[in-house]
1. Could you say whether any residue in the stretch A:359-373 is within 25 Å of A:Leu94 (Cβ to Cβ), crowded, with 24+ Cβ neighbours inside 10 Å and either touching a helix residue (DSSP H, G or I) at 6+ places or on another chain (Cβ under 9 Å) or within 14 Å of chain B (Cβ to nearest Cβ) (or both)?
2. All but one of (1) buried (at least 16 other Cβ atoms within 10 Å of the Cβ); (2) outside any strand (DSSP E or B); (3) not hydrophobic (A, V, I, L, M, F, W, C) hold for A:Gly327; which doesn't?
3. Search the stretch A:330-358 for residues being of a type outside the set (A, V, I, L, M, F, W, C), crowded, with 21+ Cβ neighbours inside 10 Å and at the interface with chain B (Cβ under 9 Å from one of its Cβ atoms), and hand back the single one that is farthest from the chain's Cα centre (by Cα).
4. Please go through the stretch B:2-52 and give me each residue that is within 14 Å of chain A (Cβ to nearest Cβ), part of a loop (DSSP other than H, G, I, E, B) and over 15 Å from the mean Cα position of the chain (by Cα), ordered by number.
5. When you scan the stretch B:75-87, do you find a residue that is facing chain A (nearest Cβ under 10 Å) and either out of contact with any Gly (no Cβ under 9 Å at 6 or more places or on another chain) or at pLDDT below 80 (or both), even just one?
6. Scan the stretch A:166-182 for residues that are exposed (fewer than 15 other Cβ atoms within 10 Å of the Cβ) and in contact with a helix residue (DSSP H, G or I) (Cβ under 8 Å, 6 or more places away or on another chain) and jot them down.
7. Take the residues in the stretch A:268-303 that are of a type in the set (D, E, K, R) and more than 26 Å from A:Ala191 (Cα to Cα); name whichever of them is surrounded by the most Cβ atoms within 10 Å (Cβ to Cβ).
8. Do we find a residue being closer than 30 Å to A:Ala222 by Cα and in contact with a helix residue (DSSP H, G or I) (Cβ under 6 Å, 6 or more places away or on another chain) anywhere in the stretch B:117-132?
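The values are calculated or read from the model by the stated rules, or taken from the named source; none is laboratory data. As the structure is a computational prediction, the values presented were derived from the model and not from experiment. Positions of Cβ are backbone-derived with ideal geometry, glycine not excepted, and every protein chain shown enters the neighbour counts.
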Amino acid sequence: MIAPPGIQAPAAVDSISHDLLEVAMGPHHPSTHGVFRMNVVLDGETVVKLTPVFGYLHRNHEKIAEKNSYLASIPYTDRLDYICSMTNNWAYVLSVEKLTGLAVPERAEYIRVIVAELTRLFNHACLAGFLLQDMGALGTPMMYAFREREKILDLFESLTGSRMMCNYMRFGGCRCDLTAGWLEQAATVVAGFDSFLDHFEALLNGNEILCARSQGVGVLPAGLAVNAGVTGPGLRASGVNYDIRKVDQYGIYNRFKFRVPLGRCGDVFDRYMMRILEMRESLKILGQALHDIPAGAIIDPKAKLRNLRPKPGEAYGRIESPKGELGFYLISDGGSAPYRYRVRPPSLINLTVLEDMCLGHAIADVVIILGSIDIVLGEVDR
Amino acid sequence: MQTPEQIKDRILAAFPDAQVEVIPNGSPASQPSLLLAPTQARQIAKFLRDDPALRFDYASNATGVDWPEKTVKEKVKRKKVVDGVENETEELVERKTPAFLEAVYHLYSMALGRGPLVIRLRTANRADNAALPSLTPIWRSCEFQEREIFDLFGIFFQGHPDLRRILMWDNFVDHPMRKDYVPADAAEVLP
């Protein structure tokens, strides 16, 4: 009940003396979406200081990768952001392709876009569901989101053999071709997702509780967002037009027509709406990709998977993962394992401004501000 | 898109006494980097961020690399006079590369849609008190990443607002990402 050093208790406005209260929120708190802790200093219910504490899920993924071959790290990347294994695979193989100069066949590029956008769909749907759960809508929105996610995971299972730990992409392509009828099933799921979104939006967007809890809460100014390296929907909610799919045009994203939604206020409501609008844009990309996908090889015949020894050098590759900029920085010394293997985790770096967004808000708002950032602890702690 | 050489010239125009070196990159990614002297790094970083033609407003990735001392064997041709006859012989010479820790930053410009510009800072040695200036005052995105470099590589960042361990626990002693790190018996290190 004693204020930590360096923190001044605000002057008492009445005769009742009041002290600051330090609360350790987490690592087992249900709203932290994993084993994450925030040491919150409270004045009444108002946050005056917030210190995030990391490391509960740390297994030194980078060190493990520096002792393994390039190929052996692909299944480990599934476990970074364990919701979105496909995009993690993509960021890693993209960096290795940059390091080795490998080309990717057309069909494989289309498959990558399709699975990555499907991943974005269910990641954003689940995020919206969890966020609503944090606001007190217990169960219902989340179960709707999970119902849709299940359909996409069924697609992933028939494609890769695994629902979540897909281990699907390879340097220069993908591991296996689409099964018979997969594209038709995917088209059905995409068509169904559109009507799910209509339903979801009609239910929630104008909801009074959602608006009252989220509008004007956790505002992130654009200048601070850029300087603090916030990426993904959180950045675009603050009005900064920066989507790596547009900026880098990695893969074949220059072939698709889609727009980048931007927020105006940078509050929790804008971050929620970003997810909804981005799902609509992902559906547009999916519609085009499922229509245009050509026949052909799914992996570059020159691609060497086992005992890959890139020439000495380094490469940094990045993609727009559902959470933000996911990058891999690789240094090769000519050996069969990377000399340096670094993951640039969007979840961790987006937390840099957590305290700035929470100061002055009630402790109940901390829960939804954290929920709107969208973190996965497998990626934060690595 | 400016090349690192052009950016180097621009830095030298603003800071005539700056030491900037372009480090080539052998991979097809063609991302050469600029090696900055640690003493001038902060003001050059500020220049890179604020200069209207560069505007690297976004430091995406910051990480460490450990380069321990390495013995490189090289063949050197020497002329030797044996019994009055000059012969050219090849000798195997061992050379030691200097040991240092490195901090690598990947900069992008959100305003101009450019990047990456890779900048590197090197410590003088790999000792326990190896230090570099922190770039967190320039780009806040480095805050947690520099803490991670400090935690896992053991580089002290001078001027960092909150330099503590981030992933390992506070009374952990070693730096696990160094190449010579030997993990202790798990039963001994559990907190």
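1. So far as the stretch A:359-373 goes, yes, one or more of its residues are within 25 Å of A:Leu94 (Cβ to Cβ), crowded, with 24+ Cβ neighbours inside 10 Å and either touching a helix residue (DSSP H, G or I) at 6+ places or on another chain (Cβ under 9 Å) or within 14 Å of chain B (Cβ to nearest Cβ) (or both).
2. (2)
3. So the first thing to find is which residues in the stretch A:330-358 are of a type outside the set (A, V, I, L, M, F, W, C), and the list is A:332-336, A:338-342, A:344-347, A:350, A:352, A:355-356.
The next check asks that each one be crowded, with 21+ Cβ neighbours inside 10 Å; those that pass are A:332, A:338, A:340-342, A:344-347, A:350, A:352.
Applying the additional criterion that residues be at the interface with chain B (Cβ under 9 Å from one of its Cβ atoms) yields A:332, A:340, A:342, A:344, A:352.
On the way: A:Ser332: 27, A:Arg340: 24, A:Arg342: 17, A:Arg344: 12, A:Thr352: 15 Å.
So the residue we want is A:Ser332.
4. Matches in the stretch B:2-52: B:Gly26, B:Ser27, B:Pro28, B:Ala29, B:Ser30.
5. Narrowing the stretch B:75-87 to residues facing chain A (nearest Cβ under 10 Å): none.
No, the stretch B:75-87 contains no residue that is facing chain A (nearest Cβ under 10 Å) and either out of contact with any Gly (no Cβ under 9 Å at 6 or more places or on another chain) or at pLDDT below 80 (or both).
6. A:Cys176, A:Thr179
7. By that ranking, first place goes to A:Asp300.
8. Looking through the stretch B:117-132, at least one residue is closer than 30 Å to A:Ala222 by Cα and in contact with a helix residue (DSSP H, G or I) (Cβ under 6 Å, 6 or more places away or on another chain).
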